[in-house]
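J.: Got a structure here, written out as structure tokens. Questions coming.
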Amino acid sequence: QVQLMESGGGLVQPGGSLRLSCAASASIFTTKAIFWYRQAPGKEREWVALTTANGVTNYVDSVKGRFTISRDSAENTVYLQMNSLKPEDTAVYYCNFPPFEHWGQGTQVTVSS
């Protein structure tokens with residue numbers, strides 16, 4: 001059963017913006033902290049941002065001030081607004097929740113001129 005689905009990736013020039021979406025089931029959205037991770041080619045998957053069920057947020061240092069995670073309770077969706085994108089942000093982005101048992105296909109973000 002698919003409980004989370006990522007979308008919104010694409011190709012963008014350096015300095016550009018993208019908004020990723022993570023559509024969740026209602027039970028997951030209302031009770032779980034939801035995390036965004038990313039995995040660049042040849043690198044380990046790394047945590048990017050999180051939002052708890054009551055809206056507390058946190059970010060890895062490399063994206064602070066550029067990325068914003070938010071929750072839309074009407075849509076059961078978690079967004080990752082990414083501004084001032086850099087080539088090093090290129091990766092497949094995934095959303096997930098603890099205990100991270102299953103990973104979806106993710107959405108590809110490519111930052112290139």
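The values are calculated or read from the model by the stated rules, or taken from the named source; none is laboratory data. Only a predicted model underlies this, so the values are computations on that prediction, with no experimental measurement involved. Neighbour counts run over all protein chains shown; Cβ positions are idealised from the backbone, glycine included. Areas reflect the complete protein model, heavy atoms only, side chains present, ligands, DNA and RNA absent. Shrake-Rupley method; radii C 1.70, N 1.55, O 1.52, S 1.80 Å.
J.: Which pairs have Cβ atoms under 7 Å, sit 6 or more apart or on different chains, and link a residue in the range 40-62 that is touching a residue at least 40 places away in the same chain (Cβ under 8 Å) and under 17 Å from Asn83 (Cα atoms) to one that is surrounded by 13 or more Cβ atoms within 10 Å (Cβ to Cβ) and basic (Lys, Arg)?
T.: What qualifies is Val48/Arg38.
J.: Here is a further query. In this structure, is Arg38 open to solvent by less than 60 Å² (accessible area, probe 1.4 Å) and in a strand (DSSP E or B)?
T.: Values: open to solvent by less than 60 Å² (accessible area, probe 1.4 Å): yes; in a strand (DSSP E or B): yes.
Yes.
J.: Limited to the range 1-36, what total is found for residues that are farther than 18 Å from Glu75 by Cβ and of a type in the set (D, E, K, R)?
T.: Summing the residues that are farther than 18 Å from Glu75 by Cβ and of a type in the set (D, E, K, R) in the range 1-36 gives 0.
J.: Here is a follow-up. Being in a loop (DSSP other than H, G, I, E, B) and open to solvent by 60 Å² or more (accessible area, probe 1.4 Å) is the filter here; which residues of the range 25-35 pass it? Full working, then the answer.
T.: Going residue by residue through the range 25-35, those that are in a loop (DSSP other than H, G, I, E, B) are 25, 32-33.
Selection gives Lys32 alone.
J.: Condition first: in a strand (DSSP E or B) and either open to solvent by 40 Å² or more (accessible area, probe 1.4 Å) or without any contact (Cβ under 8 Å) to a residue 40 or more places away in the chain (or both). Now tell me which residues in the range 71-103 satisfy that.
T.: Start the filter on the range 71-103 by keeping residues that are in a strand (DSSP E or B), which leaves 71-72, 77-82, 91-96.
Listed by number, the residues that qualify are Arg71, Asp72, Gln81.
J.: So how many residues does the range 3-44 have that are farther than 24 Å from Gly55 by Cβ and among the acidic types (Asp, Glu)? Give the derivation first.
T.: Pass one, the range 3-44, residues farther than 24 Å from Gly55 by Cβ: 9-16, 39-44.
Going one step further and asking which of them are among the acidic types (Asp, Glu), we end up with 44.
Count: 1.
J.: If Cys22 satisfies all but one of (1) open to solvent by 30 Å² or more (accessible area, probe 1.4 Å); (2) touching an Asp or Glu at 6+ places or on another chain (Cβ under 8 Å), what's the number of the condition it fails?
T.: With respect to (1) open to solvent by 30 Å² or more (accessible area, probe 1.4 Å); (2) touching an Asp or Glu at 6+ places or on another chain (Cβ under 8 Å), Cys22 is out only on (1).
J.: Give the residues of the range 41-70 that are of a type outside the set (S, T, N, Q), assigned to a loop (DSSP other than H, G, I, E, B) and loosely packed, with under 15 Cβ neighbours inside 10 Å, sorted by residue number. Before the answer, list the steps.
T.: Step one: filter the range 41-70 for residues of a type outside the set (S, T, N, Q), giving 41-50, 53, 55-56, 59-61, 63-67, 69.
Those still in the list that are assigned to a loop (DSSP other than H, G, I, E, B) too: 41-45, 53, 55-56, 60, 64-66.
Residues satisfying the conditions are Pro41, Gly42, Lys43, Glu44, Ala53, Gly55, Val56, Lys64, Gly65.
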